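Nothing in this text is a laboratory measurement; each read-out follows from the coordinates by a stated rule. Because the structure is predicted, anything quoted here is derived from the model rather than measured. Cβ atoms come from the backbone with ideal geometry, glycine included; neighbour counts cover every protein chain shown.
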Amino acid sequence: MDLTTAMKSRDELAAATLRMALTAITNEEVAGKEARALSDDDVITVLGREAKKRRESAEAYDTADRPELAERERAELAVLASYLPQAMTDEELAIIVASAVAEVSLTGATGGAAVGAAMKLVTPQVKGRADGGLVAALVKAGFGM
């Protein structure tokens, strides 16, 4: 529906981005040994992956001094962001991470095992709403690593 609207309004950027997203979803559906229907969570995961690609590409283009390409990637990211859940605030994320770190600390786990256990607690709560790299960095910082 949104693709049709973008095409009718001659919004080339939105139409191209939506086509790309639909292609990524279709590819995910047929990946593996047999085709499957994706759940809403699976679709959000695919869209999140595509958004991450756009973010990383924009940073790479900035580094390569290609502002016009970086701008295009950020515009595509904005289109994708409208289909993703609202991102968590830093405060919400800090509360979840602190809770997980405190819970894991009670078990006596240390080092990588503690980080892994905390990540297992945090990941389902923030899936699709926070960058995994940021979450991992916060968890490691919570354990003083």
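Straight distance only, please: which aspartates and glutamates reach the Cα of residue 52 with their own Cα at less than 12 Å, same-chain residues fewer than 8 apart left out?
Within reach: 73, 76, 131.
Taking Cα centroids, how far is the range 38-72 from the range 84-113 in Å?
26 Å
Note the angle between two axes, namely the Cα long axis of helix 12-30 and the longest principal axis of the Cα atoms of the chain, as a number of degrees from 0 to 90, rounded to the nearest 10.
Helix 12-30 and the main axis of the chain meet at about 60 degrees.
Which aspartates and glutamates have a Cα lying under 18 Å from the Cα of residue 33, excluding residues fewer than 8 positions away in the same chain?
Result set, ordered by chain and number: 42.
Placing +1 on the Cβ of each Lys and Arg and -1 on the Cβ of each Asp and Glu in the chain, which of 106, 9, 141 has its Cα farthest towards the positive end of the resulting dipole?
106
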